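A.B. asks: Sharing a structure below in structure tokens format, with a few things to ask.
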Amino acid sequence: MAINQLKGEVMMSSLKFYLSFFLVFFLIFPAFALGQSLMMATTTSTDNTGLLDELAPKFKQDTGITLKWTAVGTGKALEIGRNCDVDVLMVHAPAAEKEFVNNGYGVDRTQIMYNDFIIIGPEDDPAGIKGMSVKEAMQKMADEKSLFVSRGDDSGTNKKELSLWDNADVNLPDKAEWYLAVGQGMMSTIRVAVERGGYTLADRGTYIKYAHNQGGDPSLKIMVEGDPVLFNQYSAIAVNPERCKNVHYELAEKFIDWITSKKIQSFTGNYKLLGKQLFTPNAGE
């Protein structure tokens, strides 16, 4: 009996030890212990360029959190955030983002990185806009009625494009043979522009990816670039937990801290295709 009792006490002590160990592990490392997932809505450019495919496994390795995302235009991403269907956003339409935050839908808006927009078109440049300023180019395309393919999807790129027409004092007609809104993502829009021989506005990162897919010799060439108005800022925003009780705010915080860390900012800046930098990190600036 004494031996059996001793064995029982040893087993009970072992059980208490393991229970205590796992309790501490779950409290200190909840993401690892529970295999949690962070849901993100993001712009198509971060997906099309392959950047997120590189970042996701690093995030899992560093935090134990699985990053899952849906890639849509910024307008749609903000709508998904308003509907409390994701935990965090990575988008690139500053005015719309600030409105999103000011209206109580998001918190902790933090800039991550930037690149720029470019106007691309057929190599023979039928509108003759190569090297012009953005304003001159927009006016010339409208005057010449040269085909322009718009994303037409309320994305950050689409919002920028519409502001460029407005700044150039061009009133877009409701229907025009030369202005084609396709309601699609950036890569699809570029493909339509190639097929139709038109111009379009693209973010540089996606254009580099497109050029990479074309073996470095893309059908559409850069016509207008370098104008300060083409600056393209990307930011992360946590969905407001006070409004959306179901969101994982603590995981969104971890992601924002992680992607703005020195290590990941350096990785982002060194991510290249065709030897060209797609994004420039600027967290904390």
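Values in this text are rule-based calculations from the coordinates and carry no lab data. Quick caveat, the model's predicted, so the values are computed rather than measured. Quick reminder, even Gly has a Cβ in these numbers, built from the backbone with ideal geometry, and neighbours come from all protein chains shown.
A.B. asks: So what are the ³J(HN,Hα) numbers for region 91-96, from phi and the Karplus equation (6.51, -1.76, 1.60; θ = phi - 60°), rounded to whole Hz, Gly and Pro as x?
C.D. replies: Using θ = phi - 60°, the values come out as 9, 8, 9, x, 5, 5 Hz.
A.B. asks: Expected output is a single nm value to one decimal: the length gained when fully extending between residue 282 and residue 99, i.e. 0.36 nm times separation in residues minus the C-alpha distance. What is it?
C.D. replies: Working: separation 183, 0.36 × 183 = 65.88 nm, distance 2.17 nm.
Between residue 282 and residue 99, full extension yields an extra 63.7 nm.
A.B. asks: About the Cα centre, and with charges only on the beta carbon of Lys, Arg (+1) and Asp, Glu (-1), how big is the dipole of region 136-211? Nearest 20 debye, please.
C.D. replies: Numbers: 10 positive and 12 negative charges, 72 e Å.
Using only the charged Cβ atoms, the result is roughly 340 debye.
A.B. asks: Follow-up. When 92, 248 are ordered from fewest to most other Cβ atoms inside 10 Å of their Cβ, what list results? Display every interim value, and only then the final one.
C.D. replies: On the way: 92 27, 248 22.
Least to most surrounded, the residues fall as 248, 92.
A.B. asks: May I ask you to evaluate 6.51 cos²θ - 1.76 cosθ + 1.60, the Karplus curve with θ = phi - 60°, for each residue of region 262-274 and list the ³J(HN,Hα) values in order in whole Hz, giving x for glycine and proline?
C.D. replies: 4, 4, 7, 4, 5, 4, 4, x, 8, 6, 9, 9, 6
A.B. asks: As a test of the formula, what do you get for the chain when each DSSP H run with n ≥ 4 contributes -39,500 (n - 2.57) and the sum is divided by the residue count, at 222 nm and rounded to the nearest 500 deg cm²/dmol? Write down the numbers at each step before the final one.
C.D. replies: Values: 12 runs with 132 residues, N = 285.
Result for the chain: -14000 deg cm²/dmol, rounded to the nearest 500.
A.B. asks: Can you sort 144, 242 so the residue with the fewest Cβ neighbours within 10 Å comes first?
C.D. replies: Numbers: 144 13, 242 9.
Sorted ascending by nearby Cβ count, the order is 242, 144.
A.B. asks: Quick one: 3J(HN,Hα) in Hz for region 246-255, Karplus 6.51/-1.76/1.60 with θ = phi - 60°, rounded, Gly and Pro as x.
C.D. replies: In residue order, the calculated couplings are 8, 6, 9, 4, 5, 6, 4, 4, 4, 5 Hz.
A.B. asks: While we're looking at this one, here's another question. To the nearest 10 degrees, how steeply does helix 51-63 sit against the main Cα axis of the chain, on a 0 to 90 scale?
C.D. replies: Orientation of helix 51-63: about 20 degrees from the principal axis.
A.B. asks: Sticking with this one: To the nearest 20 Debye, how big is the dipole of the chain about its Cα centre, given +1 on the beta carbon of each Lys and Arg and -1 on that of each Asp and Glu? Could you put the intermediate results ahead of the total?
C.D. replies: Details: 29 positive and 35 negative charges, 197 e Å.
That gives a dipole near 940 debye.
A.B. asks: I would also like to ask the following. For Cα Rg over 2.2 N^0.38 Å, one of [x] 0.96; [y] 1.29; [z] 1.00 was computed from the structure I shared and the rest are decoys. Which label?
C.D. replies: Correct label is [y].
A.B. asks: Let me ask you something else. Can you give the angle from 0 to 90° between the axis of helix 2-28 and the longest principal axis of the chain, with both taken from C-alpha atoms, to the nearest 10?
C.D. replies: 20
A.B. asks: So who's got an amide H within less than 5 Å of the one on residue 69, skipping anything under 5 residues away but keeping other chains? H placed 1.01 Å off N, in plane.
C.D. replies: 40
A.B. asks: Here's something else I'd like to know. For the residues 160, 175, what sequence is obtained by ranking on other C-beta atoms within 10 Å, fewest first?
C.D. replies: Working: 160 21, 175 6.
With the sparsest Cβ surroundings first, the list reads 175, 160.
A.B. asks: Can you compute the label reach from residue 166? Point 7 Å from Cα along the Cβ direction, backbone N cut-off under 11 Å, restricted to region 75-115.
C.D. replies: Residues 95-96 fall inside that zone.
A.B. asks: Now for a separate question. For residue 150, enumerate residues with amide H under 5 Å from its amide H, sequence gap 5+ or separate chain, H modeled in the peptide plane.
C.D. replies: Residues meeting the criterion, in which the H sits 1.01 Å from N, are 180, 181, 182.
A.B. asks: For the chain, take the longest principal axis of its alpha carbons; what is the angle in degrees between that and the long axis of helix 156-167, to the nearest 10 within 0 to 90?
C.D. replies: That helix lies at roughly 30 degrees to the long axis.
A.B. asks: Quick check: Cα centre of region 53-83 to Cα centre of region 115-181, how many Å?
C.D. replies: 30
A.B. asks: Once amide H atoms are built 1.01 Å from N in the peptide plane, which residues 5 or more positions from residue 221, or in another chain, come under 5 Å H to H?
C.D. replies: 121, 123
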